[in-house]
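First the structure, in the form of structure tokens, and then the observations on it.
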Amino acid sequence: NEVRVPETVKLVPEIFTKEVIAPKDAKSLQIIADFVGRIGGQARWKALKSYAASGSNSGEIKGANVDWDFRAYRREPDKYAFILSSPVIGEVRQIYDAKKILLQTDFGTEESIDNTVGSKLFDLFAPIRVLMDDETIKSLNYQGIFARDGRNCHVIEAKTKIGETIGLAFDVETKLLVSYAARAYTVGYSDYRKVSDLQIPFGMDLGRSGNLQLDSIVLDQPIDEAIFIRKENCFDRPNY
């Protein structure tokens, strides 16, 4: 008598011998494509050489609400600086390049560490860049439409090549990204405005890190190299 092997048993070896490729469902891909097209297109964003942005930041430090002015500078391929300033404290400078991250303050604090993740993740628009990088996003799973702050949003679960899970929310009506939530980094985008041939979010909710509101942003103009260099201050000078 012939012994018949069930189909489920026959498939078991293939599960362990073939690489399982995480899917990107068509609905999610279309929502992201609509968003990218709405903000100027992938080719234009990837051609962006620099920006200089300024605005205000309100956040909480040790239980107290603090208002700052800020400036942010990006120069491709690997330079980024974010500078907070206030009349009382002076400047707090964060400078990133492909190798180092420098934190420096006018009141004498300074720390430099190795940059192990690359400078593209340190950027006002890092989530937008991630969505345009096919190599970073490995799977997309459409979750449905949910209400968020009184508006309906498409919600997508994404997974990156390192296994990180990201929650994405896109406004159903405007097709714009309104939330990007990862384990270590969450941002809410709002107040998109036309700047040259791009749509730029002028409002950014960073949770405990504060709320950023852009006043202006200039694209594709030269940026002084001094912005990305450690700043000398009075603590560097000998006392006489």
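The values are calculated or read from the model by the stated rules, or taken from the named source; none is laboratory data. Note that the coordinates shown come from a computational prediction; the quantities given were computed from them, not determined experimentally. A quick note on method: Cβ atoms are made from the backbone with ideal geometry, for glycine too, and the neighbour counts reach across all protein chains shown. With ligands, DNA and RNA removed, areas are computed over all heavy atoms of the protein, side chains included. Shrake-Rupley method; radii C 1.70, N 1.55, O 1.52, S 1.80 Å.
Just one of (1) in a strand (DSSP E or B); (2) closer than 20 Å to I39 by Cβ; (3) touching a Lys or Arg at 6+ places or on another chain (Cβ under 8 Å); (4) open to solvent by 60 Å² or more (accessible area, probe 1.4 Å) fails for L140. It is (4).
On the given criteria, is T165 over 25 Å from L48 (Cβ atoms) and free of Cβ contacts under 8 Å to residues at least 40 places away in the same chain? Steps first, answer last, please.
Working: over 25 Å from L48 (Cβ atoms): yes; free of Cβ contacts under 8 Å to residues at least 40 places away in the same chain: yes.
Considered against the rule, which asks whether it is over 25 Å from L48 (Cβ atoms) and free of Cβ contacts under 8 Å to residues at least 40 places away in the same chain, T165 comes out as yes.
For E76, indicate whether it is open to solvent by 20 Å² or more (accessible area, probe 1.4 Å), under 17 Å from the mean Cα position of the chain (by Cα) and among the acidic types (D, E). Answer is yes for this residue.
Restricting the stretch 107-125 to residues that are surrounded by fewer than 16 Cβ atoms within 10 Å (Cβ to Cβ) and in contact with a Lys or Arg (Cβ under 9 Å, 6 or more places away or on another chain) leaves a set whose member that is nearest to S28 (Cα to Cα) is D114. Being among the aliphatic types (A, V, I, L, M) and open to solvent by 30 Å² or more (accessible area, probe 1.4 Å) is the filter; apply it to the stretch 147-170 and report the residue that is farthest from A182 (Cα to Cα). Per the criteria, the residue is A147. Summed over the stretch 31-59, the residues that are over 17 Å from the mean Cα position of the chain (by Cα) and in a helix (DSSP H, G or I) give a count of 7.
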